[in-house]
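The values are calculated or read from the model by the stated rules, or taken from the named source; none is laboratory data. Worth saying up front: this structure is predicted, and the values here are computed from it rather than measured. Positions of Cβ are backbone-derived with ideal geometry, glycine not excepted, and every protein chain shown enters the neighbour counts.
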Amino acid sequence: MKNSFTSIGKVLTIVISPVLIYFIFTVLETTDLFVANLLLLVPTLVNGVLLFSFGRTLVYPPTVIEKIAGTMTKDLSGNEVLYCKNVTVVWCLFFTLNGSMALFLAFFPSLEVWTLYNGVVAYGLMGLLFLVEFIYRHWRFRKFIGTPLDPLLRRIFPPPATNAN
């Protein structure tokens, strides 16, 4: 019986959510300025959702990063699981700072500054964080799992020598 209740809830959510969103935007459309400013808050909302999604997994493991790492390699050591938790914390900090900046820019500077930050700078910072973490992870663990960059990274960060005799 629980299964059918869950299915009904999912169907109601799928049907009612768009209707509620349409109703809210229709009611709030009393002033164009309010709706325009509301749309400027979308990057803040997205960062808030990502912060909630990542932060929730810090309380209820496994973390998002651990799940992603688990799809690439099945045998994570305790050290790697701790590292995944720390990377999740770093992403939470990023989403907090990025969302705060997007919120500030939605209300104070010009639309051009908001557009530059949310359309270019934020994605550049996100890519830079991903790249730095990717390189650091390969340097720290020297675990090569078959990514296209593994041959290059294997030359830069050779696997540790084993003392097998």
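Please determine, by comparing only the residues of segment 151-165 that are farther than 30 Å from LEU93 by Cα and assigned to a loop (DSSP other than H, G, I, E, B), which one is modelled with the lowest pLDDT.
My answer is ASN165.
For THR96, only one of the following conditions fails: (1) of a type outside the set (Gly, Ala, Ser); (2) at negative phi; (3) touching a Phe, Trp or Tyr at 6+ places or on another chain (Cβ under 7 Å). What is its number?
THR96 satisfies all of (1) of a type outside the set (Gly, Ala, Ser); (2) at negative phi; (3) touching a Phe, Trp or Tyr at 6+ places or on another chain (Cβ under 7 Å) except (3).
Go over the candidates GLY55, GLY119, GLY99 one by one and state the one that is closer than 30 Å to LEU39 by Cβ and in contact with a Cys (Cβ under 7 Å, 6 or more places away or on another chain). Let's see the steps before the verdict.
Numbers: GLY119 fails: in contact with a Cys (Cβ under 7 Å, 6 or more places away or on another chain); GLY99 fails: in contact with a Cys (Cβ under 7 Å, 6 or more places away or on another chain).
When all the criteria are applied, what remains is GLY55.
Give me the pairs, please: first residue somewhere in segment 39-50 and under 9 Å from ASN118 (Cβ atoms), second residue anywhere and crowded, with 17+ Cβ neighbours inside 10 Å and among the polar types (S, T, N, Q), beta-carbon distance under 7 Å, and either six or more positions apart or on two chains.
PRO43/ASN118
If PHE107 passes every condition in (1) at pLDDT 95 or above; (2) within 26 Å of ILE21 (Cα to Cα) but one, which one does it miss?
Of (1) at pLDDT 95 or above; (2) within 26 Å of ILE21 (Cα to Cα), only one is false for PHE107: (1).
Is it the case that PHE157 is among the aromatic types (Phe, Trp, Tyr) and within 30 Å of THR44 (Cβ to Cβ)? Explain how you work it out, then say what you get.
Details: among the aromatic types (Phe, Trp, Tyr): yes; within 30 Å of THR44 (Cβ to Cβ): no.
Answer is no for this residue.
I need the full set of residues from segment 113-144 which are of a type in the set (Gly, Ala, Ser) and touching a helix residue (DSSP H, G or I) at 6+ places or on another chain (Cβ under 7 Å), in order please. Spell out the reasoning first.
Filtering segment 113-144 down to residues of a type in the set (Gly, Ala, Ser) leaves 119, 122, 124, 127.
Within segment 113-144, ALA122 is the sole residue that qualifies.
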